[in-house]
Amino acid sequence: MTKQTDLGGSFTLPNTSMTVNRMGYGAMQLAGPQVWGPPRDVDAAVAVLREAVASGVNHIDTSDYYGPHVTNQIIKRALHPYPDALVIVTKVGARRGEDKSWIHALSRQELIDGVQDNLRNLELDRLDVVNLRVGAVMGPSEGSIEEPLTVLAELQRQGLIRSIGLSNVNPEQLAEAQKIAEIVCVQNLYNVAHRSDDAFIDDPRGPRRRLCAVLPAGWVHAVAVVGARRGSGVTTVHANAGSARVASSALAQHPTDPRYIFDRTSS
């Protein structure tokens, strides 16, 4: 398949050498049902990842609590040793309960363990970007994030993390975070169906004014209707097996169709 890196342009994460194409791939759906356990067909999951990279995707969103451990292990199997241009963005701040629940994991030791789990299962010495997940699954929660973010800043100084981002945060939390560490990206739930962050993006305290990228979660399954306009933020496709081809094909055929574009994301 021909690489399609020109369809949405690219974006360099602020003050880094990491340049990502504006359509990324979200690895969440590589795990089994309810993001738990292995997928029914691991070989198909490996093939989807390789297809995405072959199509020009160089930004993968993941976390070691997907599965748990499953998606990172599949990423390693599919792509290690990783291409030089590939940027893997992972998350810490949650864990999975035995009942498949999603539980906050924001204590110092939980965050350290989360970073170490990501390093081990991706087989990396340093993580490109680690997003601190502080909100609920469907959106931000209130409160200070100083304590957990300080832990990630320490791990960054130790060389285990290259850059730090945030996930599921509000403008106040972003402003607080940027007093502690340089924040290169924000990943909130934001797509065609979920537009509640419009005000955040336009807010003076939001990513547009604060010089960090927006890496919104597409959360698209049966049809990967997602893209990004040149000059906008980076979009992550959370696609099920087989949708990587659909996503790149849709964007190729409809590069200006608003159904395939997030026109409000902004760097």
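The values are calculated or read from the model by the stated rules, or taken from the named source; none is laboratory data. No experiment lies behind these values; they were computed from the predicted model shown. No Cβ is skipped: glycine too gets one built from the backbone with ideal geometry, and neighbour counts run over all protein chains shown. For the accessible areas, the whole protein counts, side chains as well, though only heavy atoms, and no ligand, DNA or RNA atoms are used. Shrake-Rupley method; radii C 1.70, N 1.55, O 1.52, S 1.80 Å.
Here Gly56 clears all of (1) more than 13 Å from the chain's Cα centre (by Cα); (2) in contact (Cβ under 8 Å) with a residue 60 or more places away in the chain; (3) open to solvent by 20 Å² or more (accessible area, probe 1.4 Å) except the condition numbered (3).
Each row is one residue, and each column tells you yes or no for (1) of a type in the set (D, E, K, R); (2) modelled with pLDDT of 95 or more; (3) crowded, with 21+ Cβ neighbours inside 10 Å; (4) within 29 Å of Ile145 (Cα to Cα).
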position: Gly24; (1), (2), (3), (4): no, no, yes, yes
position: Leu30; (1), (2), (3), (4): no, no, yes, no
position: Ala45; (1), (2), (3), (4): no, no, yes, no
position: Ile60; (1), (2), (3), (4): no, no, yes, yes
position: Val92; (1), (2), (3), (4): no, yes, yes, yes
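Evaluation of Met18 against the conditions (1) at pLDDT 90 or above; (2) within 18 Å of Arg77 (Cα to Cα); (3) under 18 Å from the mean Cα position of the chain (by Cα) shows that the sole unmet condition is (2). Being more than 19 Å from Leu124 (Cα to Cα) and among the aliphatic types (A, V, I, L, M) narrows it down to one of Ala85, Ala47, Ala78, so name that one. The unique qualifying residue is Ala47. Counting residues in the range 134-141 that are aliphatic (A, V, I, L, M), surrounded by fewer than 22 Cβ atoms within 10 Å (Cβ to Cβ) and either in contact with a helix residue (DSSP H, G or I) (Cβ under 8 Å, 6 or more places away or on another chain) or at positive phi (or both) gives zero.
Conditions tested, residue by residue: (1) out of contact with any strand residue (DSSP E or B) (no Cβ under 9 Å at 6 or more places or on another chain); (2) hydrophobic (A, V, I, L, M, F, W, C); (3) open to solvent by 20 Å² or more (accessible area, probe 1.4 Å).
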site	(1), (2), (3)
Pro68	no, no, yes
His80	yes, no, yes
Ala85	no, yes, yes
Trp102	no, yes, yes
Glu110	no, no, yes
Val115	no, yes, no
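Within the range 74-86, residues that are farther than 17 Å from Ala44 by Cβ have Cβ atoms under 6 Å from residues that are surrounded by 10 or more Cβ atoms within 10 Å (Cβ to Cβ) and among the charged types (D, E, K, R) in these pairs: His80/Glu123, counting only partners at least 6 apart in sequence or on another chain.
Please find, among Lys91, Lys76, Lys100, the residue that is basic (Lys, Arg) and in contact with a Leu (Cβ under 6 Å, 6 or more places away or on another chain). Within the list Lys91, Lys76, Lys100, the selection yields Lys76.
For the range 128-145, the condition of being closer than 26 Å to Thr16 by Cα and acidic (Asp, Glu) holds for at least one residue. In the range 87-104, which residues are of a type in the set (A, V, I, L, M) and touching a residue at least 40 places away in the same chain (Cβ under 8 Å)? Val87, Ile88, Val89, Val92 - these are the residues of the range 87-104 that are of a type in the set (A, V, I, L, M) and touching a residue at least 40 places away in the same chain (Cβ under 8 Å). Given the criteria part of a loop (DSSP other than H, G, I, E, B), touching a helix residue (DSSP H, G or I) at 6+ places or on another chain (Cβ under 9 Å) and among the aromatic types (Phe, Trp, Tyr), does Tyr65 qualify? So Tyr65 passes the test.
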